[in-house]
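Have a look at the structure below, then the notes.
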Amino acid sequence: MWFKLFKEQTGAAMIGVTIVVGLTIGTIGSSPYISDTLSPKNNASIYPKNSNGQTYGSALYANSPEEEPDLISVLGDHGKSGYALKQDFYGPEPNTPEEALVYMRNRPKVNKINVYATDGKTIIDTYSIFNPTIIIDVKMR
């Protein structure tokens, strides 16, 4: 009888300990301190640099375009892995809403940009960016 009671209490205690440990690990795992290590605020330090001083790699861990490398990893139209220049990938930055509207109205349906090797100079492929057709009906003042 004593052994049966001890066995039941030990089982309940083990379940309780398991729940507490699970909740603790879950809380720590979702902590901003842990997530910051997965997505550092200064991503430039995690990207290698080529001989021209350009950073290159995947934009996967960047929180914003400013944190992305200079050369963004892409798969070219003909299957070659390489890098697109960030400024080619995103296009020109408009200074005013009016400039943005003009750009949106006049951009091509397909924008082909070069794919480079890690040196940022040697062209190895092209990369097509398909721009959606957007009807813009905004009256400028």
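Can you tally the net charge around Thr55? Count Lys and Arg as +1, Asp and Glu as -1, for every other residue whose Cβ sits under 9 Å from the Cβ of Thr55. Summing Lys and Arg as +1 and Asp and Glu as -1 gives -1. Extension gain, Arg105 to Leu85: 0.36 nm times the residue separation minus the Cα-Cα distance gives 4.9 nm.
Rule-based calculations on the coordinates, nothing more; no lab input. If you're wondering where the values come from, they're calculated on a predicted model, not measured in any experiment. Note that we place each Cβ from the backbone using ideal geometry, even for glycine, and neighbour counts take in every protein chain shown.
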